[in-house]
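> Could you have a look at this structure, given as structure tokens, before my questions?
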Amino acid sequence: MSMKLPFFKNRKTKVTKEERELDNIPKHVAIIMDGNGRWAKKRGLPRIAGHKEGMDVVKRVAKTAANCHVEILTLYAFSTENWQRPKSEVDYILGLPKEFLHIYLPELIDNNVKIETIGNFDVLPDHTKEAINYAKEKTKDNDGLLLNFALNYGSRFEIIQAIRQVITDMDSSGLSLDKLDEHLFSQYLYTTGLTDPDLLIRTSGEQRLSNFLLWQSAYSEFWFTDVLWPDFTEETFMNALHDYQQRKRRYGGI
Ligand code: FPP
């Protein structure tokens, strides 16, 4: 039986893993954090003000997710297509991980959060990579929420590089074609070792995937809201979890 939303709202203690399973709370939540620019525009502010506000929302949502015993929170922070934006905006967004970790890493560590990333990491600016590598190292033994930033991430690129690696392994490591199945292919993706997202949220009223987790979201439940990311609150997140609790997942069965 599903617990009702107030259970979460008024709760002071964390949800246990057993409760999460019993109450059909998603294990892996992925979010396309959209609407920062529009949020800023509505207030007559530069677009980067929306991204800055969005950064603080990341911290609040991570805390809420951890309290609900969500195990993995994957956030689409920068796509392979976002390089097309003005350089000043790109530089600003790619500076946010460092700023975020500077402010919040101690608290994340205290809360047993583990930081990881997916995406083409190597070509990110050095200061971004250094801040993230430091956070990864500091949190590597934590076994609470996995806070997984999709940075310079694009699904099509991910799939192409996986295919390239499969072919390389066939040529040089004796991988045989009949061994290649969905399970093995998944291990060539950035998300290897992670379960697929159970719930995929997109904010700001847009209803598309934008090259995010195309393979991994094959059976995800989607949840869309008109709320712009900087306005996304604990309550919005709870509403998404509550709706998910009511869904019946059939994976193509009956
Ligand atoms: C999409 O909104 C948002 C982004 C491309 C950037 C998302 C980044 C954050 C929320 C901050 C990330 C924080 C950390 C810690 C990495 P948009 O700019 O496309 O909004 P619009 O559609 O209204 O223009």
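The values are calculated or read from the model by the stated rules, or taken from the named source; none is laboratory data. All values reported here derive from a predicted model rather than from experimental measurement. Cβ placement follows ideal geometry from the backbone for every residue including glycine, while neighbour counts extend to all protein chains displayed. Ligands, DNA and RNA are stripped out before the accessible areas are found, and what is left, the full protein with its side chains, is counted by its heavy atoms. Shrake-Rupley method; radii C 1.70, N 1.55, O 1.52, S 1.80 Å.
> Region 1-152: Rg/Rh from Cα coordinates, Kirkwood Rh?
Numbers: Rg = 16.4 Å, Rh = 16.5 Å.
Ratio of gyration radius to Kirkwood radius for region 1-152: 1.00.
> Taking the Cα centre of region 144-254 as the origin, how large is its charge dipole in debye, to the nearest 20, when only Lys and Arg (+1) and Asp and Glu (-1) carry charge on their Cβ atoms?
Working: 9 positive and 15 negative charges, 47 e Å.
Around 220 debye, computed over region 144-254.
> Farthest toward the dipole's positive end in the chain, which of Gln246, Val70, Asn120, given Cβ charges of +1 (Lys, Arg) and -1 (Asp, Glu) about the Cα centre?
Gln246
> To continue, here is another question. Report in % the part of the accessible area of the chain that belongs to carbon and sulfur, leaving out ligands and nucleic acids; probe 1.4 Å.
Working: 6870 of 13260 Å².
Here it works out to 52 percent.
> Over the chain, average the accessible area per residue using a 1.4 Å probe and give it in Å², no decimals. Please list the in-between numbers first.
Details: 13260 Å² over 254 residues.
Result: 52 Å² per residue.
> Using the Cα atoms of region 115-254, I'd like the radius of gyration and the largest Cα-Cα distance, Dmax, both in angstrom.
When restricted to the Cα atoms of region 115-254, Rg and Dmax are 17.7, 52 Å.
> Now, a different point. Given a Förster distance of 41 angstrom, what is the FRET efficiency for Asp243 paired with Glu81, based on the Cβ-Cβ distance and rounded to 0.05? All intermediate terms of the calculation are to be shown ahead of the outcome.
Details: r = 29 Å, r/R0 = 0.70.
Using R0 = 41 Å, I get an efficiency of 0.90.
> Per DSSP H run of at least 4 residues, take -39500 (n - 2.57); add these up for the chain, divide by its residues and hand me the 222 nm value, nearest 500 deg cm²/dmol. Working shown, then result.
Values: 9 runs with 113 residues, N = 254.
It comes out at -14000 deg cm²/dmol, rounded to the nearest 500.
> Between region 120-164 and region 186-209, how many Å separate their Cα centres?
Measuring centre to centre over Cα atoms gives 15 Å.
> Treat region 83-168 as a sphere of radius equal to its Kirkwood radius over Cα pairs and apply Stokes-Einstein at 20 °C in a medium of 1.002 mPa s; give the translational diffusion coefficient in µm²/s, rounded to a whole number.
Numbers: Rh = 14.1 Å.
The estimated diffusion coefficient comes to 152 µm²/s.
> Report the local net charge at Asp226: Lys and Arg +1, Asp and Glu -1, summed over other residues whose C-beta lies under 15 Å from its C-beta.
-1
> Okay, next question. Filter the GluC sites (Glu not before Pro) in region 145-254 to those in DSSP coil with at most 16 other Cβ atoms within 10 Å of their Cβ, and list the result. Let's see the in-between values first.
Numbers: sites: Glu158, Glu182, Glu206, Glu221, Glu234, Glu235; in loops: Glu206.
Here the sparse-neighbourhood loop sites are Glu206.
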